[in-house]
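Reviewing the structure listed below.
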Amino acid sequence: MSLTLLGPERPDGALPELLVKHGVTGPVGLISAGWRYDEARDEPLRAAIPNEVKNLRLYDRFRNLERDAAELMSRYTAKQDVLRRIKDRYRMRVAAGLDSAYALLREFRSPTDKWFLQAVQQLRDTDELFLSEARALHDQFETEARPSDHPLVRREREGVRADLDGCAALCIAGGHIGVLRNRCVFLDVGPVLTHRPLYAWSAGAMLLTERVLLYHDHTAYGPGTAEFLDHGMGLLRETVLLPHAKERLNLTDTIHLSVLAHRLAPRKAVCLQNGAVYEDGRYTGKAGAAFTLGLDGSQHAASA
C-alpha cells in the first residue's frame, strides 16, 4: 500500500502535483463525509485535478440507513449516547490531571521530576481507560446488534466497494473528524483502504492513525481540554497527528506543549500545516510545514 498524508489542503493544495508525480491517471475515489451536508460539494477538487472523481457518499449512505433501518440505527444512537456519558467522566478526569501536570511543571520546572511524571502517567492511564471503554462499547454493539448481517447495511457497504472498483487511488478529505471517523467505521471502509494508493489530508490524515486527539487552545471559552476522540484506522502507527497546529495550539506556551508531548509519548506528536507531505516513510513538502513537539515543549522539523 502507498500511503500519502497531507496537511490542510488550503490555501494551496499539494494533492494535484502528487497525483502527477506518482503517475495516478485513472479515476480517484473520494471520501468527504467530514463535510457532512456539504459532502457532495467537491467541485474544487474536480477542478484541481484532471482525474475523474467518484464520491463515495458515506454521509448520504449513513442517512439512508437512518431512514430505512430505523430499529438498527436507534440501537446505534443509544450506543453513542452511552459513549457520550463515558466521555463526560473522561473529560472530568483529564481536566483535573492536566491542572496537576501543568502546576507541577510550572512550579518546579523539571520534566524529570517524579511527581510530574506520576501526573503524566495518570493522564495516560485516563486516556487508556477511555479508549478501552470505547472499544468495549463498540465491540458490544457489533456483537449484539450485528450490523454486518443487516441487508440494508450490506447494501450500502457493497455500494462503497462497487464505486471503488476501477479507481486508481482513494482520497480522504478533512472536515469534522468525529463524523468522518464514525461513518467510515460503520460502513466498514477499513478493509478497502489498503487496496490502492491512499491520499488523506487534515482530519482525513488523523483518521488513519491509531488514535485521534481533539485539541484547541483558542476556543471562544479559552483553552480547550485535549482529549482523545476514539481509535483511528491504525495505518500510521506510533504517531498522533495535529493538523492546523499553528492555529489551534498555543505554540508559545512550552509548559502546555511539554505536557502534551509527555502525555502522547512514546508516540510522536506531529504538527501538519498547509504544504506538509508524508510519503514513502518521510516528511516532505514545504519547509517548516511539518514539525514535531519535543518533551521540553520545543519544536523540531519532522523527519521519518
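General observations
- Residue check, residue 170 of a type in the set (A, V, I, L, M, F, W, C), over 20 Å from residue 72 (Cβ atoms) and buried (at least 19 other Cβ atoms within 10 Å of the Cβ): yes
- Qualifying positions in the stretch 141-181 - free of Cβ contacts under 8 Å to residues at least 40 places away in the same chain and either assigned to a loop (DSSP other than H, G, I, E, B) or not charged (D, E, K, R) (or both): 143, 146, 151, 162, 165
- Positions within the stretch 246-304 being acidic (Asp, Glu) and touching a strand residue (DSSP E or B) at 6+ places or on another chain (Cβ under 8 Å), in sequence order: 279
- Residue count for the stretch 234-275, restricted to those that are in contact (Cβ under 8 Å) with a residue 12 or more places away in the chain, surrounded by fewer than 21 Cβ atoms within 10 Å (Cβ to Cβ) and part of a loop (DSSP other than H, G, I, E, B): 13.
- Any hit, the stretch 9-31, residues being assigned to a helix (DSSP H, G or I), within 30 Å of residue 147 (Cα to Cα) and in contact with a helix residue (DSSP H, G or I) (Cβ under 6 Å, 6 or more places away or on another chain): no
- Residue under evaluation residue 23, criteria (1) crowded, with 19+ Cβ neighbours inside 10 Å; (2) at pLDDT 95 or above, criterion not met: (1)
- Every residue from the stretch 197-224 that is assigned to a loop (DSSP other than H, G, I, E, B), over 18 Å from residue 14 (Cβ atoms) and out of contact with any helix residue (DSSP H, G or I) (no Cβ under 8 Å at 6 or more places or on another chain): 210, 220, 221, 224
- Pair list, Cβ < 7 Å and 6+ apart or interchain, from the stretch 85-111 residues that are over 17 Å from residue 129 (Cβ atoms) to residues that are at pLDDT below 95 and surrounded by 14 or more Cβ atoms within 10 Å (Cβ to Cβ): 105/111
- Hits in the stretch 276-302 (condition: of a type in the set (Gly, Ala, Ser), surrounded by fewer than 18 Cβ atoms within 10 Å (Cβ to Cβ) and under 20 Å from the mean Cα position of the chain (by Cα)): 281
- Meets criteria (part of a strand (DSSP E or B) and at pLDDT below 95) for residue 283: yes
- Only listed residue being β-branched (Val, Ile, Thr), surrounded by 14 or more Cβ atoms within 10 Å (Cβ to Cβ) and over 30 Å from residue 65 (Cα atoms), chosen from 179, 153, 185, 120: 120
- The stretch 1-20, subset under 18 Å from the mean Cα position of the chain (by Cα) and of a type in the set (A, V, I, L, M, F, W, C), residue surrounded by the fewest Cβ atoms within 10 Å (Cβ to Cβ): 3
- Which listed residue, of 114, 87, is buried (at least 16 other Cβ atoms within 10 Å of the Cβ) and over 19 Å from residue 170 (Cα atoms): 87
- Of the criteria (1) more than 19 Å from residue 295 (Cβ to Cβ); (2) among the aromatic types (Phe, Trp, Tyr); (3) surrounded by fewer than 16 Cβ atoms within 10 Å (Cβ to Cβ), which one residue 108 fails: (1)
The values are calculated or read from the model by the stated rules, or taken from the named source; none is laboratory data. Given the structure is predicted, the values throughout are model-derived calculations rather than measurements. Cβ coordinates were reconstructed from backbone atoms using ideal geometry, including for glycine residues, and neighbour counts include every protein chain displayed.
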